[in-house]
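The values are calculated or read from the model by the stated rules, or taken from the named source; none is laboratory data. Please read these numbers as outputs of a predicted model, since none were measured by experiment. Neighbour counts run over all protein chains shown; Cβ positions are idealised from the backbone, glycine included.
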Ligand code: SF4
Ligand code: SF4
Ligand code: FES
C-alpha cells in the first residue's frame, strides 16, 4: 500500500450507475426521508442497469473513480425483462478481468435495490465508502504517451480520454 | 518525376508483418516498380545512418510494425517520423500493442526477475540481468533501455494511418498502398479497413442466432468444431461481434474463432470492454453461481479480451503498491 492510502485526508471517489426505475428512485426516497449517507458518491442515472456499458466502468476508473457501484432492479423486476441479468453477467466478467490488471474486485459492486429501499441505498453506500477507504485510491500505471507522463496521477490528466 | 520513397521498419514484433509484405507475392511487383524502397533492414542492407542523412520528410511513406518497448525503438520511431511525410502504424503491435503488449500485465522489473532468475531452465548463479552499460576488458558495451511498459506507436510519435491486423491482410495492404499512390486517402487517423464488425462479412453469419444462449464455453481443442455453424454459438470465444472486419474472416475459414487482431471499430474506445460485453451478452446464465460456473470456461479473461490491445486499453494495469 502506498502512503497516500493512509493519508488522513483521503476521501474515496465513487461513481454510481443507478437504474431510474428502482435504485435511483430509492436514492431519491433516501433523500426525501432525510437519511444521511456518505457524500462520496456521484450518481449517474441510467434507464436500466443493462444499459451499463463496460466502457462506462473503465472510463470512470480511468478518470479517477476509486470504486463503482451499480444499482438495478431485483431479479425478475427489470422493466426490460432481462437487463439486470445482463448487468450481472457483465459485472461478474469485469471483476475477473479487472483482477488480472491488479484491480480488486471489491472496487466494482452490483446491488439490487428496489424503489422502496432507501435504507439499502444508505447502507450499501456507507459500506462501500468504508471498503474503498480501506483499499485506498486506485492508481493506474498507464504507458507514457505524447500527452502524459507515467507519473501523472490519473485525476490530473487532461484530454487523454477519447 | 522521381518515384515516391518508401520505408519499412520493425520494432517489438515477431516478423510476421514483414512476412505479410513478402506475401504480397506478384502483387508487390507493380509496387516495387512504382516506388523506391529506401529502408527495409529485414530484407535490404540499409543502415540507420542512411536515414539520418536524409532531409526531413524525404520518405514519402514509412510502414512501421511492432510495438515500442526499448529506448532504441523509441529513437527509430522518432527518426522515421521526422523523415517521413506519412507514418503508418502497420499491424496490431504498432496499432494497439499486440501480443508483446500483453507483457504490460507485469512490471518491467518483474519481467527481468522472471526471465533471468526464476524460470526453471535458467542457470544464472551471478544473478545477472541485462544492463544498459557493461565493462568488458576495459571497453564499455551498451544496450538499449528496457522501458517499464510496452507502448503503441501513437503513444510514442504522431501517426497518420493504421493498417490493422496480425499481420495486416494482403488486400488491406494493397488497398492502402494504392490509396497512397493515388493520393486518395481518408482523413488523418483513420484505420484503413472497413468500419463494421467481422460478423458482417462472416460466411457463418446466417447460422448465428439472434439470441445466443451459451451453456458452456469451450476451448478449440475441447470439441469437434462444426465447419458451418457460427463458432460463438458452438461455445467458442469468437471475437467477431467486437472486431473490425477486413480480413475476410480468415480464422473462421480455417475453422478457428476470431481472436480480435483487427481491433475495434471506430465507435469503440476500449476493445476489451467491447469484447467482454459481447461475450457477456451471449451467456445463458441468470444467477451468480451459474455465471461463475460458466466463466470457468474463460481461462484468462484479461488476456482473451485484450489479446492485441492491452497497451491501448483504458486501464492498463494497477500501479504496484
Ligand atoms: S461470432 Fe464468429 S463465427 Fe459467428 S458469425 Fe461472428 S465472426 Fe462468424
Ligand atoms: S478472424 Fe479475427 S483474428 Fe483472424 S485475421 Fe480476422 S480479425 Fe484477425
Ligand atoms: S429496469 Fe431496473 S434494472 Fe432494468
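Here is how the numbers come out for the structure above:
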item: The range B:32-54, subset in a helix (DSSP H, G or I) and in contact with a strand residue (DSSP E or B) (Cβ under 8 Å, 6 or more places away or on another chain), residue surrounded by the fewest Cβ atoms within 10 Å (Cβ to Cβ); result: B:50
item: Hits in the range B:271-282 - residues which are touching a residue at least 40 places away in the same chain (Cβ under 8 Å), more than 20 Å from residue B:91 (Cβ to Cβ) and crowded, with 24+ Cβ neighbours inside 10 Å; result: B:273, B:279
item: Pairs with Cβ under 6 Å, 6+ apart, first in the range B:235-256 and within 15 Å of residue B:197 (Cβ to Cβ) and free of Cβ contacts under 8 Å to residues at least 40 places away in the same chain, second near ligand 1 (Cβ under 9 Å from one of its atoms) and part of a loop (DSSP other than H, G, I, E, B); result: B:238/B:231; B:238/B:257; B:238/B:258; B:251/B:258
item: Some residue of the range B:260-279 being closer than 22 Å to residue B:20 by Cβ, away from ligand 2 (no atom under 16 Å from the Cβ) and part of a loop (DSSP other than H, G, I, E, B); result: no
item: Residue B:223 being more than 16 Å from ligand 3 (Cβ to nearest atom) and closer than 23 Å to residue B:309 by Cβ; result: no
item: So residue B:248, is it modelled with pLDDT under 90 and either in a loop (DSSP other than H, G, I, E, B) or surrounded by 14 or more Cβ atoms within 10 Å (Cβ to Cβ) (or both); result: no
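Per-residue answers, yes or no, for (1) within 8 Å of ligand 1 (Cβ to nearest atom); (2) over 24 Å from residue A:58 (Cβ atoms); (3) buried (at least 16 other Cβ atoms within 10 Å of the Cβ); (4) within 18 Å of the chain's Cα centre (by Cα):
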site	(1), (2), (3), (4)
B:226	no, yes, no, no
B:237	no, no, yes, no
B:254	no, yes, no, no
B:263	no, no, yes, yes
B:266	no, no, no, yes
